[in-house]
Structures are given as C-alpha cells and as structure tokens.
Amino acid sequence: MKVGFIGLGSMGSGMARNLIKAGHNLVVFNRTRSKAEELRPLGAIVAANPGEAASGVDALFTMLADDHALEDCIFGPGRALESLAAGAVHIGASTISVALSRRLAAAHREKKQHYIAAPVFGRPEAAAAAKLFVIAAGPHEQIDRCKVLFDAIGQKTFILGEDAAAANVVKLTGNFLITTVLESMAESFALVQKSDVEPQKFLDIMTATLFGAPVYQNYGAMIAKQQFQPVGFKLPLGLKDNRLVLELGEQTAVPLPMASLIRDRFLAAMAQGLSESDWSAIARISFRSAGLEKV
C-alpha cells in the first residue's frame, strides 16, 4: 500500500521503518525534517508538509504527541484533511482525547474519507521490533483493509467495534493503570528498602509469583535500581494522558481518586526538575519522601 506517515518520534520512527520493511511505499513528514530524512535511504519519500504526506496515499498514519499537534496537522487549509483522497483512511495511532477522536471521525466522514483510531501499547523498543499491541476501532471493512499494516507494526491487534473513540478510551485507561502500577511499586520498594530488604530480591519474588506481567518486570527493574533510563515515554506526556483520563472521568461522571493522586505525583516530579525523565521517574517522589533516593 502507499502510506503516509506523520510523526517520526521515538515511537513513530520504529513503526515507519517496519512498514517500509514490510514492503509498503511510505511518504513521511516530521516537523524536525532530519528525522524524516533518516528514512530516505530506506526508500521513503520525504514530504514538505502534512498535506503533501496525505496526498495520493491509501492510508495515512499519525503518531503525534498530543491533541494540539494532531489538530495542527489534520485541520486547516493545506493540511492533511484537505489532501487525503475520498476513500482513503486515516489511522490515528496517537494517544489523544476521546473528544478529538470523535471530531476526527466526523470530519473524515464528511469528506467521504475513513477514520480508524488505532493507539498502541508498547515502548519504543517494542515499536522498533514490531511488537506493539494495536487497539483498533472504526469501520470493520477499513480495519480489515488495514490489517496488513497493523501486522507490520505489531504482534497483536485488538478490535473493539465501529466507534473509533472506544479505542482511545481503552488506551487512556490502560495508561492510567500503568501509572498506578508505577506509584504502587515506588511506594512498595521504598517500604521494603527502609525495612532492610533488598529491592531487587523483592522484585524477583513478586514477578515470579504474583505479578509476572512485563509492566512489573520492566518498570520494576528501573524503579528497584532507581535508574530511569532509557527514556521511553517522557514524564510530561504521562501528565498529559493523566489529564485526559481525568477529563474523561468528569465527562462520564466517574470519580477517579487514584488519577488525582497520580496527577499530583507528576506535578511534583516536574517541579523537582524531572521533566526530561521517563514517566517511571515519578517513583523518585516516593524515594525522596522516604529519604532513600541515591545521590
């Protein structure tokens, strides 16, 4: 397929490379052009703007940081919405608000285009290895049509139904669960360390018995060692997703007290100079409070 790809950050770059590897013809755009130019030797065409990346393609991927960045690329004169052909499909892989997902579905429908919300679970190393989990929602026939694309970037695709926004609900709620895991592990490791139990031994026991999932294994190792590298997902992006979760809770009249606590953890971390850190670095707040953080 001929595929446009907008957004070549730590996640998008790996996804785009795997689409090229799978034999698809890519037209790529990134605000920082040098990231797009890195794909030219692999056969990608580098577009000058979002509209050019969307012109003449069968499918357009977007993988951008937030609602504002996506709106800027899609809407307005000369942007992707105006250039995408009737019958083409926009695959929104970004973590965005439910409200924007619904707006996108309506706008594409009006242009006789199609829209699939397809956010992903996985860190940059999973994107590079084509091991993402894709959460897809939208018109069934379009999801079937794009399955070959999802297979190129991920290890499994979960299909939710016709309402594109459902995929964004699942993505935001899943990220909320990750943040509660980060916070609970931080508090737990602080507790065992202050009780003279080695954090790594505690982690080994927990992941071999009760909590064997990768989120505990991978983030647990980072928190146990207080080593928050590499940065797979910057802390301010975690705060952004937390804000979207709280907005959704307000819209649906669902109290989310844990999300409010996590919001304060993110804000405290940013106030203490951790904005360039991985979102797992909110654990430093627990360690600092307990007098345990490494100097």
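Of the listed values (1) 18.7; (2) 27.3; (3) 15.9, grab the one calculated as mean projected area of the Cα convex hull in nm² from the structure here.
Evaluating mean projected area of the Cα convex hull in nm² on these atoms matches (3).
So for the stretch 168-289, if I pair up every lysine 8 or more residues apart or on another chain, how many of those pairs have alpha-carbons under 18 Å apart?
Values: K171/K234; K171/K240; K194/K225; K201/K225.
Summing the qualifying lysine pairs gives 4.
Quick check: pseudo-label points 7 Å beyond the Cα along Cα→Cβ at L177 and E141, how many nm apart are they?
Reported label-point gap for L177 and E141 is 3.4 nm.
Counting DSSP beta bridges in the chain, what percent are antiparallel, to the nearest 5?
Taking every DSSP beta bridge within the chain, about 15 percent pair in antiparallel fashion.
Given Cα pairs under 8 Å that are at least 6 residues apart, what percent is the relative contact order of the chain?
13
Find the lysine pairs in the stretch 2-162 meeting two conditions, Cα atoms under 20 Å apart and a separation of 8 or more places or different chains, and report how many there are.
12
Roughly how tilted is helix 12-21, in degrees to the nearest 10 and between 0 and 90, from the longest Cα axis of the chain?
That helix lies at roughly 50 degrees to the long axis.
Going by how many other beta carbons lie within 10 Å of each one, how would you line up M1, M15, fewest first? Working shown, then result.
Working: M1 17, M15 27.
With the fewest neighbours first, M1, M15 line up as M1, M15.
Read phi for every residue in the stretch 126-141 and hand back ³J(HN,Hα) as whole Hz from Karplus 6.51 cos²θ - 1.76 cosθ + 1.60, θ = phi - 60°, with x for Gly and Pro.
Running phi through 6.51 cos²θ - 1.76 cosθ + 1.60 with θ = phi - 60° gives 6, 4, 5, 8, 6, 10, 6, 9, 9, 10, 10, 8, x, x, 4, 5 Hz.
Restricting to DSSP H runs of at least four residues, report the calculated mean residue ellipticity at 222 nm for the chain, -39500 (n - 2.57) per run over all residues, nearest 500 deg cm²/dmol.
Values: 14 runs with 155 residues, N = 295.
One gets -16000 deg cm²/dmol as the mean residue ellipticity at 222 nm.
Restricting to DSSP loop positions (anything but H, G, I, E, B) with no more than 16 other Cβ atoms inside 10 Å of their own Cβ, which GluC sites (Glu not before Pro) remain in the stretch 77-135?
none
Compute the relative contact order of the stretch 236-295 as a whole-number percentage, counting only Cα pairs closer than 8 Å that sit 6 or more residues apart in sequence. If you can, show how the numbers build up before the last one.
Numbers: 33 pairs, mean separation 20.4, N = 60.
It comes to 34 percent, rounded to a whole number.
Between K2 and F211, what is the label-to-label distance in nm when each label sits 7 Å out along the Cα-to-Cβ direction?
Between K2 and F211, the label points sit 5.0 nm apart.
Which ³J(HN,Hα) values in Hz, rounded to whole numbers, follow from the phi angles of the stretch 281-289 under the Karplus curve 6.51 cos²θ - 1.76 cosθ + 1.60, where θ = phi - 60° and Gly and Pro get x?
Karplus values, whole Hz, x for Gly and Pro: 5, 4, 4, 4, 5, 5, 5, 5, 4.
If I stretch the segment between E293 and D163 completely, what's the gain in nm (0.36 nm per residue apart, minus their alpha carbon distance), one decimal? Write down the numbers at each step before the final one.
Details: separation 130, 0.36 × 130 = 46.80 nm, distance 4.51 nm.
Once the chain is fully extended between E293 and D163, it gains 42.3 nm.
Run the paramagnetic zone check for N218: 7 angstrom along Cα to Cβ, then residues of the stretch 121-150 with backbone nitrogen under 13 Å.
Only 121-134 fall inside the zone, counting backbone N under 13 Å.
Can you work out the FRET efficiency for the pair L191 and M258, with r the C-beta to C-beta distance and R0 = 22 Å, to the nearest 0.05?
0.75
Is the C-alpha gyration tensor of the stretch 2-162 telling us rounded, prolate or oblate? Criteria: a/c under 1.5 is rounded; beyond that, a/b larger than b/c is prolate, otherwise oblate. Can you show the working numbers first?
On the way: a/c = 1.41, a/b = 1.07, b/c = 1.31.
It is rounded, given that a/c, with a ≥ b ≥ c, falls under 1.5.
The numbers here are math on the coordinates, done by the rules we state, and not lab data. Given the structure is predicted, the values throughout are model-derived calculations rather than measurements. Here the Cβ is made from the backbone with ideal geometry for all residues, glycine too, and neighbour counts use every protein chain on show.
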